[in-house]
Amino acid sequence: MLLSEKQITQLKRRVRETPHPREMILDVLHAIQDANGWVSDEGVELAAIILGLSPLQVEEVATFYDKIYRRPVGRKVIHICDSICCWSRGSEALMQRLQQLLGIAAGETTIDGMFTLLPTCCLGACADAPALRIGKTLYGKVAIEQLEAILDGERTEVSS
Amino acid sequence: MPTLIIDNQTVTVPEGTNVLEAAKRLGIEIPHFCHHEALGSVGACRLCAVEFREGPVKGIQMSCMVPAKDGMVVDTGSAEVLAYRAQVIEWLMTNHPHDCPVCDEGGECQLQDMTVAGGHGIRRYTGPKRTYQNQNLGPFIAHEMNRCIQCYRCVRTYQDYCGGTDFGVLGSRQRLYFGRFSDGPLESPFAGNLIDVCPTGVLTDKTYRFKSRIWDLQEAPSICPHCSLGCAVTPGARYRQLQRRRARTNNRTNGHFICDRGRFGYGYANHPDRPRYPLLGHRRVTWQEALAALQNKLQELGELFGPGSIGLLTSSRATLETQFLTKRWAAALGSDQLCFEAHPGRDLGARVAASQRLDRTASLEDVRNCDLAVLIGADPLSEAPMLALALRQAARRGARIVVVDPRPVELPLAYERHAVSVEKLGQLLRGLSRPQQSEFPSSMEELGGSLASALLAAKSPLLIGGTDLLGPQGTEAMQQAAEACSQPETPCRTMFLLAGPNSFGGALLSAEGPCFSSLLEGMEQGRIKALLCFEADPLADYPDRKRSRAALARLDMLAVFDCAATATLQEADLFFPTTAVEESTGTLINNEGRMQAFEQVFSAGTPLAESAGGSHPPRFFSRDIPGSEPQSAWGILGALMGRSADLLTLRSEIEKNDHRFAGLSQLEARGEGRRIAAPRQYSLSHQPNISGIMGSDQLQLLVTETLYGSELLSNLSSCLHESTPSAFVMLHPQDAARFKLEEGKKVLLGTPVGDLTLTLRIAGDMVPGMAIVPRLRGTVLEPLVPGTEPLPCRIEKA
């Protein structure tokens, strides 16, 4: 079960109340992702049924946004911005250091299934460059020395 | 009307025209990808940059995004502009593979042309290229994503213009992918247009793959023969094989696009079973022998039984020239037993439709521009697919589309749907013809009243009817309704869907002549001894096949002139092969009375692919081209009458003889065609007696056309077979429950042509009390023909 019957009923009701069901695509995808960690092909098909759209119409949105995961990811996804502001403030070095600390390349998941490392084109935090996001927590003005502590904090948050 | 200067030439264009189109009027082609006349501008490809020297905007701008304004001075080829374009094209080419020699688009590739036009000759980029996995998109379209340049034309065509929901754009930025959610055939019946709009080799014609380069093709402007709309097409042939069809632009009819039935229905011309030689009985004979046998027999019968013993029949597939000469020949023979359609209902329906005032007749262009269209008894996707696309364009501009039909009519757009039984359609139309008195049957009051007031209030209202379901009376009622719902400033126009590409021509020529029922009567009574069928198939098209078979069997001579192996051909005593549309010239009159000429694409002959059996061409020498004996039906008729076979003389004679065809001799195949000068004289004197009141709880059988499988010629095209449904019957859920039947299971349908085993489909949006079957040639459903009153039937578990 990707979603409970109750969740499906609730989402369908919200879709009915929306004049344009397409507005609800991200909400439904997030619900599926929150419940399963990622959105599988079956997840896209379920979303299409809930929304009354074709699977392609859902997939167009799902694949546009890099915060919807269409492949399995670790428990926490690290998005590190590589756009112009963050790049000019040293994001390349951050990315390299993260790869060292985690022992993985960009796009990979740590062997313990904890972190997936992904570059992203913007986190909307240009004023706080360089920025990265782990799970749903945003870290701004990140210095390279802080990275170890940030990762440790995120690890303990999960275990506690 | 702004006036501007482009490359030192002055041009005045209508308000709202963009600079790219303004330049085109001067014959200046600005390189571009994403702009398309039918799809509009998005300014995405950045290739159509021009330099604005004077006027409201200055500097380098995208010409497709800037509306023409007074005082503009534009340079399309300054050094700066050329450098800009060269850079853009170089970017677009970074990921494009160097596979032009094996790419099917080669030679007709906009990317090739624009790369040259943009001045990008030598590739500097040497890095790795982005690659993709392709999808299987079904039998019509090949997918090669590596060649994509992200112009978005395919998505704009498929989703926006055609209303498809299963093909789109995935990903973002460098990761864009144009395709489906998963492998599978494209669902839209207009998917083939992707081939025409893709500016490079991503989406190409799978049925034409690896067959020819465009410069090896014989091409000419032609007309699609697979329904009554008369869409403009450009067929291409090589080695005596018709290899493809693509859309041609006619802004009055199809616009820029065509449907998949039209695009992939071309295979009939190459059909391996196509009869290519004259036959006497089943024996192959020469033209001279066959013609002599025909003349002798006709003379003998004429002397023995009088000229009235010879019946002549043409069809809606025959050209105007063929129909006219058949009429001439009948007159020369002295026979009045002449008919232009084997199906009496369709014959009379077309005669009524062709009597509509011309200023009340809608073209597809009028459909695209209407603000209200009410479809009564019309199923566009089955009966005239491009009408559905025209309706979609109207709906996109805000038009209201209402469908009133007993069948579950599907359209690729948002529309209102009313399931109404066949009898009530007539009552509704009669009510609409007296909107002030609101004489609607009790159950129709609300719908009828609201439709009448909407039609009266609309700016450009339209009534659209299928003559199959409306019948002659319903067609007449729709014309009266249109008259009644017209205001002086806002006339309500009509569009009628007819049986074939030249139903209209036959209806004009038929005057008060008999319909095929009375010819059959003549055969049954032994008065008619010979029947000459010019591109007509009375056995398959007359609704009562048992009757037509028995009547044809009584003939002394059945002579058939045709390009397809029809049912009637199997019974023929004499056979004369005729050319396919693409192998000849002629004129067809579409359902709005538009005369459209078509040119010869290639000469008839057995395709080399067939005679060579896929190997080296045969190594024997002969002066004759194998299989090249078919001649145009009008040419044969001319020869039989001892006339010259000059088309222009013939067309001049037709227009001199009948003022309605004025302008025929000046008709150019490349043009927009020309409306006839006057409609048919109105008369419904040959009304057949329509009875058939059935018990209310008895199931009625309705036979309807379907997109693939109903139309004779396209059904002979092998590439459509994969998309043709297998025989089914459709029931309302209530009836399925009443008879305890389940979806997808085999059921036994008792019909006047016997008990048929069919698969059950359940459709909630049809009227109850009715069983609907498609007309499917080559299946058990073949003897059932649309365009009749509903038949009695029963249904049970198989």
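The values are calculated or read from the model by the stated rules, or taken from the named source; none is laboratory data. None of the values given here were measured: they were computed from a predicted structure. Quick reminder, even Gly has a Cβ in these numbers, built from the backbone with ideal geometry, and neighbours come from all protein chains shown. What goes into the accessible areas is simple: the full protein's heavy atoms, side chains included, and nothing from ligands, DNA or RNA. Shrake-Rupley method; radii C 1.70, N 1.55, O 1.52, S 1.80 Å.
Worth pointing out:
- Between helix B:385-396 and chain B: long-axis angle, C-alpha atoms, 0 to 90°, nearest 10: 50
- Taking one quarter of the surface of the convex hull spanned by the alpha-carbon atoms of the stretch B:431-565 gives a direction-averaged projected area of 11.5 nm².
- Look at the dipole of the stretch B:708-798 built from charges on Cβ: of B:764, B:781, B:747, the Cα furthest out on the positive end belongs to B:747.
- Shielded residues, the stretch A:54-73 - accessible-area loss of 50 Å² or more between chain alone and all protein chains, probe 1.4 Å: A:56, A:60, A:63
- Accessible area per residue for the stretch B:508-571 is 31 Å², calculated with a 1.4 Å probe on protein heavy atoms, without ligands, DNA or RNA.
- The stretch B:316-340 and the stretch B:179-253 have Cα centres spaced 34 Å apart.
- The protein assembly as shown - convex hull of the alpha-carbon atoms, volume per residue in Å³: 215
- Loop-located chymotrypsin sites (Phe, Trp or Tyr not before Pro) across the stretch B:177-223 with a Cβ neighbour count of 16 or fewer within 10 Å are B:210, with loop assigned by DSSP.
- Centre separation in Å (Cα based) which lies between the stretch B:415-449 and the stretch B:775-798: 28
- For residue B:646, the solvent-accessible surface computed with a 1.4 Å probe is close to 70 Å², ligands and nucleic acids excluded.
- Taken about its Cα centre, the stretch B:699-797 carries a charge dipole of about 300 debye when Lys and Arg each add +1 at the Cβ and Asp and Glu each add -1 at the Cβ.
- Other-chain or far-sequence residues with amide H under 5 Å of residue B:675's (modelled H): B:595
- Simple point charges give the picture: +1 on the Cβ of Lys and Arg, -1 on the Cβ of Asp and Glu, and for chain B a dipole about the Cα centre of about 1220 debye.
- Angle in degrees between helix B:344-353 and the longest Cα principal axis of chain B, rounded to the nearest 10: 50
- For the stretch B:543-634: rounded, prolate or oblate by the Cα gyration tensor [a/c cutoff 1.5]: oblate
- C-alpha long axis of helix B:320-333 to longest principal axis of chain B, angle in °: 20
- Global geometry of the stretch A:5-64, whether rounded, prolate or oblate, following the gyration tensor of its Cα atoms and the 1.5 cut on a/c: oblate
- Accessible surface area normalised per residue over the stretch B:576-680 is 45 Å², counting heavy atoms of protein chains with a 1.4 Å rolling probe.
- Low-density loop positions, trypsin sites (Lys or Arg not before Pro), the stretch B:71-177 - DSSP coil, at most 10 other Cβ in 10 Å: B:124
- Contact residues in the stretch B:156-177 by the 50 Å² criterion (accessible area, 1.4 Å probe, full protein complex versus chain alone): B:165, B:170.
- Selection among B:442, B:465, B:510 by position relative to the dipole of the stretch B:401-511 gives B:510 as farthest towards the positive end (Cβ unit charges, Cα centre).
- The fraction of accessible area contributed by carbon and sulfur in the protein assembly as shown is 51 percent, rounded to a whole number (1.4 Å probe; ligands and nucleic acids excluded).
- Per-residue ³J(HN,Hα) for the stretch B:427-433, Karplus 6.51 cos²θ - 1.76 cosθ + 1.60, θ = phi - 60°, Hz, x for Gly and Pro: 4, 4, 5, 5, x, 5, 7
- Relative contact order (%) - criterion: Cα under 8 Å, at least six apart; region: the stretch B:495-559: 35
- Under 5 Å between amide hydrogens, built in the peptide plane, is the criterion, and for residue A:108 it picks out A:117 among residues at least 5 positions away or on other chains.
- Per-residue [θ]222 nm for chain B (sum of -39500 (n - 2.57) over DSSP H runs n ≥ 4, rounded to 500): -7500 deg cm²/dmol
- Note that the stretch A:1-63 presents 52 Å² accessible area per residue, ligands and nucleic acids not counted, probe 1.4 Å.
- What separates the Cα centres of the stretch B:106-147 and the stretch B:1-71 is a distance of 27 Å.
- Point-charge dipole on Cβ atoms (K/R +1, D/E -1) for the protein assembly as shown, about Cα centre, debye to 20: 560
- Protein heavy-atom accessible area occluded, B/A pair - total, 1.4 Å probe, Å²: 1000
- Computed accessible area, residue A:87, all protein chains, 1.4 angstrom probe, square angstrom: 130
- Taking amide hydrogens as placed 1.01 Å from N in the peptide plane, the amide H of residue B:233 sits under 5 Å from those of B:222, B:223, B:224, B:248, each at least 5 positions away in sequence or on another chain.
- Inter-chain Cβ neighbour average for residues B:479-490, partner chain, 10 Å: 0
- Positive dipole terminus of chain B, leading residue within B:453, B:320, B:671 (C-beta point charges): B:671
- The overall shape of the stretch B:352-479 is rounded: from the C-alpha gyration tensor, with semi-axes ordered a ≥ b ≥ c, the ratio a/c is less than 1.5.
- Where GluC sites (Glu not before Pro) fall in DSSP loop in the stretch B:488-535, at most 16 other Cβ within 10 Å: B:489, B:512
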